[in-house]
Amino acid sequence: IDFPVVIRKNEMGDGQKFVYIINSSEELTKIPLIQFESAIYTEFIEGQEFTIDLVCSQDSKVYSAVPRLRKEVRDGMVFFAEIVNNDIVINSTIKLAEQLKLTGVNCVQCILNNNQCYFIEVNPRPGSGMDLSTAAGINMPQIWIDLMNNEKIEYKKPEWGLKMLRHYEGYY
């Protein structure tokens, strides 16, 4: 194995997170062997990680693509993010959505390295950080409802640079 490497689950959907960045063969010994049975190994790509919230029509026309720069992630959920106007990320994501014929509200994840997007996930559902896109003025569920009701959709720019910081507290 050429290190570093990313090891992740082959099958998703059971709610358990399984993504490791491994830098050495010694680190491999720290992962429970049961998790290796259906793992995928991929090259580690250094760069900025984005989640892009998308809303697409039934014919895969992208009505909105809002990149969220993932500045801090904990257990797969974004804790600190920023809405970023990045043409490379936006245009690459629109092209991907059209090629995959995505419809409805989706979230796509990529890593931007040397002006190249490396897509790592395509989720045909809203992302857990979509509340940041909504707070930035892009209400994707409402856009989707309007599309399904054949209402006219007007393009609107998000509030570029808006940041979100999550805070969780326990109440007893």
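The values are calculated or read from the model by the stated rules, or taken from the named source; none is laboratory data. Everything numeric in this text was worked out from a predicted model, so none of it was measured. Virtual Cβ from ideal backbone geometry, glycine too; neighbours counted across all protein chains shown. For the accessible areas, the whole protein counts, side chains as well, though only heavy atoms, and no ligand, DNA or RNA atoms are used. Shrake-Rupley method; radii C 1.70, N 1.55, O 1.52, S 1.80 Å.
At 1.4 Å probe radius, can you tell me the per residue accessible area of the stretch 2-143 in Å²?
55 Å²
Mind checking which lysines have their Cα closer than 18 Å to the Cα of Lys156? Skip sequence neighbours fewer than 8 apart in that chain.
Lys61
In debye to the nearest 20, how big a dipole does the chain give about its Cα centre with +1 on each Lys and Arg Cβ and -1 on each Asp and Glu Cβ?
Working: 17 positive and 23 negative charges, 65 e Å.
Using Cβ point charges on Lys, Arg, Asp and Glu, the chain gives about 320 debye.
Most fluctuating residue of Leu162, Leu100, Leu112 in a GNM of the chain with Cα springs under 10 Å: which is it?
Highest fluctuation of the listed residues: Leu100.
Using a 1.4 angstrom probe on heavy atoms only, work out the carbon and sulfur share of the accessible area of the stretch 63-172 in %.
Within the stretch 63-172, the accessible surface is 48 percent carbon and sulfur.
Please state the relative contact order of the stretch 97-172 as a whole percent: Cα pairs under 8 Å, 6+ residues apart?
Relative contact order for the stretch 97-172 comes out at 23 percent.
Compute the separation of the alpha-carbon centres of the stretch 19-94 and the stretch 104-121 and state it in Å as a whole number.
Computed from Cα coordinates, the inter-centre distance equals 7 Å.
Which of Ile22, Ile120, Ile90 ends up with the largest GNM mean-square fluctuation for the chain, with Cα atoms connected below 10 Å?
Comparing Ile22, Ile120, Ile90 in the GNM, the peak value goes to Ile22.
Through the Karplus equation 6.51 cos²θ - 1.76 cosθ + 1.60, θ set to phi - 60°, convert the phi angles of the stretch 119-136 into ³J(HN,Hα) values in whole Hz; use x for Gly and Pro.
7, 10, 8, 10, 10, x, 6, x, x, 5, x, 5, 4, 5, 4, 5, 5, 7
Helix-only estimate, please: 222 nm mean residue ellipticity of the chain, summing -39500 (n - 2.57) across DSSP H runs of length 4 or more and dividing by its residues, to the nearest 500.
The helix contribution divided over the chain gives -5000 deg cm²/dmol.
Go ahead and set up a Gaussian network model of the chain, Cα springs under 10 Å, then flag whichever of Glu27, Glu159, Glu82 fluctuates most.
Comparing Glu27, Glu159, Glu82 in the GNM, the peak value goes to Glu27.
Can you give the accessible area of Ser64, probe radius 1.4 Å, in Å² rounded to 10?
For Ser64, solvent-accessible area is about 10 Å².
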